[in-house]
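Report on one structure; see the data block that follows.
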Amino acid sequence: MTAFLTIIVLVLVAIAIWQMTKIFELSLIKVDNSQVANDTDNKNNGYLMVGFLIFIYWITFYCFWKYNKVLLPESASEHGYDYDQLMLITFVILFIVQALTQTLLHYFSYKYHGRAGQKALFYADNDRLEFIWTIIPVITLAALILYGLYTWTNIMDVNDEGDPLIVELYGQQFNWTARYGGNDNVLGEANVRLIDIDRSNVLGLDESDPNAGDDVIVKELHLPVGRKVNFKMRSQDVIHSAFMPQFRAQMNLLPGMITEFSFTPTITTAEMRLKPEIIDKVKRINKIRAEKAAKGEPNSDPWEYDFILLCNKICGKSHYNMQMKIIVETEEEFNKWMAEQKTFQDTMASTQ
Amino acid sequence: MSATAQAHVEDHADDHGHHHEQTFITKYIFSQDHKMISKQYMLTGLIMAIIGITMSMLFRMQLAWPGESFTIFEALLGKWAPDGVMDAEAYLALVTIHGTIMVFFVLTAGLSGTFSNLLIPLQIGARDMASPFLNMVAYWLFFLSSIIMVSSLFLEAGPAAAGWTIYPPLSALPMAQPGSGMGMTLWLISMAIFIASSLMGSLNFIVTTINLRTKGMSMTRLPLTVWAFMITAIVGVVSFPVLFSAVLLLIMDRSFGTSFFLSDIFIQGEVLHHDGGSPVLFEHLFWFLGHPEVYIVILPAMGIVSEILATNARKPIFGYRAMIASLLAIAFLSTIVWGHHMFISGMNPFLGSVFTFTTLLIAIPSAVKAFNWITTIWKGNLQLNPAMLFSIGMVSTFITGGLTGIIMGDSTLDINIHDTYFIIAHFHLVMGISAAYGALAGVYHWFPKMFGRMMNKNLGYVHFWITAVCSYGVFYPMHFVGLAGVPRRYYENTAFPMFDDLTNLQILITVFALVAGIAQLIFLYNFFHSIFYGKKAEANPWHATTLEWTTPVEHLHGNWPGEIPHVYRWPYDYSKTDENGEYIIPGQDFIPQTVPLQEDEEEMLH
């Protein structure tokens, strides 16, 4: 890291010094002070173009080599596999195009740098060439669009097939709440106008709705592995966005409207913690945190890997710390946990 | 108004002398001369850019070293940085105003305002804009809106802080955020005035281009700059009024209790009366401008780059007609892709499919442009002036940033990178840096025309290379931050241990950003020093063919001392040879547009 920075700074300083000396020389000799590029400028900048091309390639490979490990780990949801697949294919295509065009651009800039007596080719048009580079993007993009839309339609098709678990995600400045349908797996009606803080009806559930009584309201999201989850999302104040990057899932929450997203978790939290890449990541991060702890800095407790729900739409001062832990567990563990939770009815009864 | 208001196309014999005396005020302040107005736009844009870029350096420091105390924070932010530690509200205010200033005040008004004003009349052979008075009013409205926007920084409760997209309800409710009080009111007033200014300017550009072209200047003999400016103006006229309606409705919701965008809100212990509104409606209205806006920013840069590449490659632009067609296609498509900002907004997923389709279509004309630019420099005789370097740099960043647009524009892939640092990296490269390169290329290229002096080329080279390395250094690694799942507009990422291993990367990005920011001082020095002490320019220093270089170096009202030049050919007759391989004009590799076709010379069928 430090070495990398040093190299960059050295290169920049070298360029600066080289150019500064040139300015100095020019101001002494007072020849060719036209401020229009001459053959020497063309040659030098032509070489720098090649250097710059190498820099682009280098930063690409460096980033991939160095930062590949900080990227999101394998997806913990069913559709996430298709998502990652599509991302990979798109990336491969983009890198081919990027490598080709950047090479041509910078190589031509070097190869055809101006020289006295060199004649440019008067070449204004070529219908065939232009047809070729119109049709190639058309075909490539058509393929990407079709593939993308196929995946999109599958992901966004929120339906009730396969007995999905119904969960409400509720956003407010600056925390999350989750609500389960309870035994009947049906959410009771709710509206912000029914919120009664004094009686801790914080989500505004309609007490007269028979479906509401068995609803379970929690501050930590538990999901059974392998079962589809249909999220119904609601916000009480401003726009929030429920972002679950490890599941490749995101949907905005808007006051006055219910939005939906659906996915099937495929890996439990416990299984995830045993994956080699996660073990590595946790080790790496705990090392950083231990260093912080040694200096007495905050946010330095040892960390265990967890799935997480983040807010990803600017929502005010503490937007940066609006999160909820997600725990994916086996069906039995989930049922056991669920049985321990208080229902809405119980909560209301205890505050009467 | 003054005699300059009558710029006659057919006014050939008139020497257009102005016998009235210009006072300081009519010449430098309330000027109606398009060249002076262009300089006014440039200077205002430059000052706004300094403010906007400084802000970005401040919040980059906060991201790299969260919670650290800096004297400079205390000095610049005052009570917003108690003991030199930036406040979370201040962070949001900084990113909001940075976005607003850079998008609207620098890259829209600063770029279009400067170069459309300077080049449209000069390159089409007109004595001034169709309405110089309206042009003057447009500038002063822009100036007024800049003043209001900057003054909002000094409010007790702080400026607008809801992000530059100001989505309600956050922007509508002062209890949701202090910046949504007076700060947001000023933001909305400033933008309303800005839109009025932009409309006046744009209408003027369109009318001037259509009506005031000199004899022989057919639409297919227009330089690509003018085409780009005109199409930009049309896109602005189509889309800016929609932003105005969004702003107006938001003002109503905020101040008069209406419910266009608000419904079912419970905040700070009470239910608000608003009912039946939809924040999604605001998003539609906002992005109906918001998306065309990024093309309003990039199209002029494309025009400028096309012109500079051809001139400095000493070659005609490749595929002149395809370049115009792709400009038109991009402009048209830009107005029907806004929904790609809203894939996960709660909008019907089917609409998402439609917008994915139109969005990926826009890659086709963009690809055509990139390939045509590359072919333009193929087998050229490249004069690597600073303007040329910035133009090549623009093609490079436009490709790099544009390619990741294919990821963002795909509704599926957008799900997990929406609102992360990936989008920040994408749009800064494709529109921020690219448009800035276009603007800088324009400044280096037309500086001799604007100020009659040359900028120092060596300082230009140093400026370019540091900027080029740092731009990639900032935004290339930033894609990885986004792919790691880090959301944008986070004051710090320390609340999430999973992002702890990105700290080094954040520092790297910030170091590049700081170096890039400081390197712009080289440009500022070069710019202001050259205005007064630069080498005196010749009339046509770059040996270009277009009409602006046929005017005298000293500015005069009406542009040409004698009659307006006639045009006989397209603007890209560089290195044109006869059958024997000799230049048409012996010893000169360019043929100005004012030179009639020579005997036996074939006119390009463009």
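Just so you know, all these numbers are worked out from the coordinates, no wet-lab data involved. Since the model is a prediction, treat every value here as computed from it, not as a measurement. Here the Cβ is made from the backbone with ideal geometry for all residues, glycine too, and neighbour counts use every protein chain on show.
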Margin query: Taking each residue in B:161-168, count the Cβ atoms of any other chain within 10 Å of its Cβ, then average. What number comes out?
Written below: 3
Item checked: Fraction of beta bridges assigned by DSSP in the protein assembly as shown that are antiparallel (%, nearest 5) -> 75
Notebook entry, point to check: Which listed residue (B:Y28, B:P448, B:L505) has the Cα farthest towards the positive end of the charge dipole for chain B, taking +1 on Lys and Arg C-beta and -1 on Asp and Glu C-beta about the Cα centre?
Noted result: B:P448
Margin query: Can you give the log10 of the normalised intensity I(q)/I(0) at q = 0.12, 0.14 Å⁻¹, computed with Debye over equal Cα scatterers of region B:281-431?
Written below: -0.52, -0.69
Checklist line | Simple spin-label estimate for A:D301 and B:Y533 in nanometres, 7 Å along Cα-Cβ | finding: 6.1
Next item on the list: Name the residues whose placed amide hydrogens come within less than 5 Å of the amide hydrogen of B:K535, ignoring near sequence neighbours (fewer than 5 apart) on the same chain.
Entry: B:M454
Item checked: Cβ charges +1 (Lys, Arg) and -1 (Asp, Glu), total dipole of region A:165-351, debye -> 1060
Checklist line | Sorted by Cβ neighbour density within 10 Å, fewest at the top, the residues B:D87, A:D301 | finding: A:D301, B:D87
Next item on the list: Enumerate the calculated ³J(HN,Hα) couplings along region B:181-190 in order (Karplus 6.51 cos²θ - 1.76 cosθ + 1.60, θ = phi - 60°), each rounded to whole Hz, writing x wherever the residue is Gly or Pro.
Entry: x, 4, x, 5, 4, 5, 4, 5, 5, 4
Note to self: Test of the criteria: in region A:88-197, which GluC sites (Glu not before Pro) are in a DSSP loop and have at most 10 other Cβ atoms within 10 angstrom of their Cβ?
What the structure shows: A:E161
Margin query: Tell me the relative contact order for chain A as a rounded percent, counting alpha carbon contacts under 8 Å between residues six or more apart.
Written below: 17
Note to self: What whole-number volume per residue, in cubic angstrom, does the convex hull of the C-alpha atoms of the protein assembly as shown give?
What the structure shows: 163
Next item on the list: On each of the three principal axes of the Cα atoms of chain A, give max minus min coordinate, whole Å, ordered largest first.
Entry: 94, 59, 42
Next item on the list: With a ≥ b ≥ c taken as the square roots of the eigenvalues of the C-alpha gyration tensor of region B:285-344, please select rounded if a/c is under 1.5 and otherwise prolate if a/b is larger than b/c or oblate if it is not?
Entry: prolate
Next item on the list: Please order B:H98, A:H106, B:H566 by the number of other Cβ within 10 Å, starting at the fewest.
Entry: B:H566, B:H98, A:H106
Next item on the list: Please figure out what share of the DSSP beta bridges in chain A is antiparallel and state it in percent, rounded to the nearest 5.
Entry: 70
Item checked: Test item: Cα-centred dipole of chain A, Lys/Arg +1 and Asp/Glu -1 on Cβ, debye -> 2260
Check: Between A:Q345 and A:R193, what is the FRET efficiency for a Förster distance of 35 Å, r being their Cβ-Cβ separation, to the nearest 0.05?
Finding: 0.95
Next item on the list: Hand me the GluC sites (Glu not before Pro) from region B:30-123 located in a DSSP loop with no more than 13 other Cβ atoms within 10 Å, in residue order please.
Entry: B:E68
Checklist line | region B:171-244 and region B:400-428: distance between their alpha carbon centers, rounded to Å | finding: 26
Item checked: Anchor B:K79: aspartates and glutamates whose Cα lies under 15 Å away (excluding residues fewer than 8 positions away in-chain) -> B:D87, B:E89, B:E156
Next item on the list: Hey, can you grab everything whose amide H is under 5 Å from the amide H of B:A176? Only 5+ residues off in sequence or another chain; H modelled, so Pro and N-termini drop out.
Entry: none
Note to self: Let me check against my output: what whole-number percent is the relative contact order of region A:165-351, with C-alpha pairs under 8 Å and at least 6 apart?
What the structure shows: 26
Note to self: If the only charges are +1 at each Lys and Arg Cβ and -1 at each Asp and Glu Cβ, what is the size of the charge dipole of chain B around the Cα centre, to the nearest 20 debye?
What the structure shows: 560
Check: Using a Förster distance of 25 Å, how high is the FRET efficiency between A:I89 and B:F332, based on the Cβ-Cβ distance and rounded to 0.05?
Finding: 0.30
Next item on the list: Treating the angle as unsigned and between 0 and 90°, give the value, to the nearest 10°, between the Cα long axis of helix A:78-111 and the longest Cα principal axis of chain A.
Entry: 10
Notebook entry, point to check: So which of A:K43/B:K457; B:K35/B:K535; A:K43/A:K66; A:K313/A:K336; A:K228/A:K281 end up more than 22 Å apart, counting from Cα to Cα?
Noted result: A:K43/A:K66; A:K313/A:K336; A:K228/A:K281
Note to self: For a test of the definition: using alpha carbon positions, the gyration tensor, and the 1.5 limit on a/c, classify region A:211-352 as rounded, prolate or oblate.
What the structure shows: prolate
Note to self: Just to confirm my numbers, what's the Cα centroid distance between region B:111-131 and region B:505-534 in Å?
What the structure shows: 29
Note to self: Quick check: the angle from helix B:34-64's long axis to the longest principal axis of chain B, C-alpha only, nearest 10 degrees?
What the structure shows: 40
Notebook entry, point to check: Can you put A:F64, B:F266, B:F142 in order, fewest other beta carbons within 10 Å first?
Noted result: A:F64, B:F266, B:F142
Notebook entry, point to check: If amide H atoms are built 1.01 Å from N in the plane of the peptide, which residues on other chains or at least 5 residues away come under 5 Å of the amide H of A:S235?
Noted result: A:G171, A:L254, A:G256, A:M257
Checklist line | Inter-chain Cβ neighbour average for residues A:155-167, partner chain, 10 Å | finding: 1
Check: For chain A, with the dipole built from +1 on Lys and Arg beta-carbon atoms and -1 on Asp and Glu ones, taken about the Cα centre, which of A:Y170, A:S75, A:H113 lies farthest toward the positive end?
Finding: A:H113
Note to self: Which of rounded, prolate or oblate describes region B:330-369 when judged by the alpha-carbon gyration tensor and an a/c cut-off of 1.5?
What the structure shows: prolate
Check: In whole percent, what relative contact order does chain B give with Cα contacts below 8 Å and a gap of six or more residues?
Finding: 16
Next item on the list: State the answer as a single residue: which of B:L547, B:L141, B:T108 lies farthest towards the positive end of the charge dipole of the protein assembly as shown, with beta carbon charges of +1 for Lys and Arg and -1 for Asp and Glu, about the Cα centre.
Entry: B:L547
